[in-house]
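The structure appears below as structure tokens.
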Amino acid sequence: MVGVSFAKAMALSLNIPLISVQHMQAHVSAHFIRRPIPAFPFLCLTVSGGHTQIVLVRDFTDMAVIGETRDDAAGEAFDKTAKMLGIPYPGGPLIDKLAQQGKVRFEFPLAQVLAYDFSFSGLKTAIRNFIQQHLRTHPDFIQENKSDIAASVQHAIVTMLMQKVRRASQELQINRIAIAGGVAANSGLRKALLEWAKEDNVAVFIPDFEYCTDNAAMIAMSAHYKYINKQFSDQKLVPSARLTF
């Protein structure tokens, strides 16, 4: 609220346009910072601590969410798993580091959700039950298997993400795939996308690490194209945690 109020006051006092930016749309706009940029249309898998979406990107400002999580986001699944393993917040990057040292030894259920939507709450519950079950008979189970648990959880999350984005790509016949958001920095997801690109006729676009997490450049880029298209807001603008595309 403070930021929006400051922006409104600045726009009014300097007589300059006021532009509202949707946070997840800005994550997609991270792909416009450096060249080459994906040709339109393309699909963007936006994955963060609070969101998991597949976005159909028709133009710089014309985007539509065609699939999203129905409960927890992928980033939440990483963070909550980290908490169960005694790893400090934010746990996603640390889970990733552990996964690179471990093996995929444990199998977790993958949610079956219609169309291009996701669900990660069931996976979170399955991981908790799995850990509690083993701790009853093996108190050191987490410490002795932490890397393998991390690798197995990461494999499950990445598999669910890849299943949906591959389905969307095939059904919509769009072979340009981008990723964005904090989880776009995950090595397992990046590897899976690059392997897909090698085995199929798919062009994959992965932002630099500094443009995966929240950053000013992506906000500026989103505002840049809104400015070009004269998509301005007025002084009635209010902040919204659920601003649509």
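We did not get these values from a lab; they are worked out from the coordinates using the rules stated. The structure displayed is predicted, hence computed values, not measured ones. Here the Cβ positions follow ideal geometry from the backbone for every residue, glycine too, while neighbour counts run over all protein chains shown.
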> Ranked from highest to lowest mean number of other Cβ atoms within 10 Å per residue, what is the order of the peptides 55-62, 209-216?
Replying inline: 55-62, 209-216
> By how many degrees, 0 to 90 and rounded to 10, does the Cα axis of helix 187-199 deviate from the longest principal axis of the chain?
Replying inline: 80
>> Just to be sure I understand the model, the point goes 7 Å from the Cα along the line to the Cβ. What's the resulting Glu171 to Asp71 distance in nm?
In response: 2.1
> Amide H neighbours of Ala180 under 5 Å, counting only residues 5+ apart in sequence or on other chains, H built in-plane at 1.01 Å?
Replying inline: Leu45, Thr46, Val47
> Which order do peptides 47-53, 99-105 fall in by mean Cβ count within 10 Å, highest first?
Replying inline: 47-53, 99-105
> Listed highest first by mean packing, meaning other Cβ atoms within 10 Å per residue, what order do 158-164, 147-153 come in?
Replying inline: 147-153, 158-164
>> Helix 141-172 against the longest principal axis of the chain: what's the angle in degrees, Cα atoms only, rounded to the nearest 10?
In response: 50
> Once the piece of chain linking Thr61 and Ser5 is laid out straight, how much longer is it, given 0.36 nm per residue of separation minus the C-alpha distance between them?
Replying inline: 17.8 nm
>> Using the Cα centre of segment 58-137 as origin and beta-carbon charges of +1 (Lys, Arg) and -1 (Asp, Glu), tell me which of Phe118, Asn129, Gly75 is placed farthest towards the positive end of the dipole.
In response: Asn129
>> Here is the link list: Lys103/Lys198; Lys198/Lys226; Lys83/Lys164. Which ones come out longer than 25 Å on Cα distance?
In response: Lys198/Lys226; Lys83/Lys164
>> As a test, work out the antiparallel percent of DSSP beta bridges whose residues both lie in segment 26-214, rounded to the nearest 5.
In response: 60
>> Less than 15 Å Cβ to Cβ from Ile174, Lys/Arg counted +1 and Asp/Glu -1: what total charge do the surrounding residues give?
In response: +1
>> For a quick check: sort Met10, Met24, Met218 by the number of other beta carbons within 10 angstrom, fewest at the front.
In response: Met10, Met24, Met218
>> Please arrange Tyr227, Tyr116 by how many other C-beta atoms lie within 10 Å of their C-beta, fewest to most.
In response: Tyr227, Tyr116
>> Could you compute the net charge surrounding Val202? Neighbours are other residues with a C-beta less than 15 Å from the C-beta of Val202; K and R count +1, D and E count -1.
In response: +3
> Angle, helix 92-101 long axis vs. longest principal axis of the chain, Cα atoms, 0 to 90°, nearest 10?
Replying inline: 40
>> I want to verify a result. In a Gaussian network model of the chain, Cα cutoff 10 Å, which of these has the top mean-square fluctuation: Phe205, Phe232, Phe120?
In response: Phe232
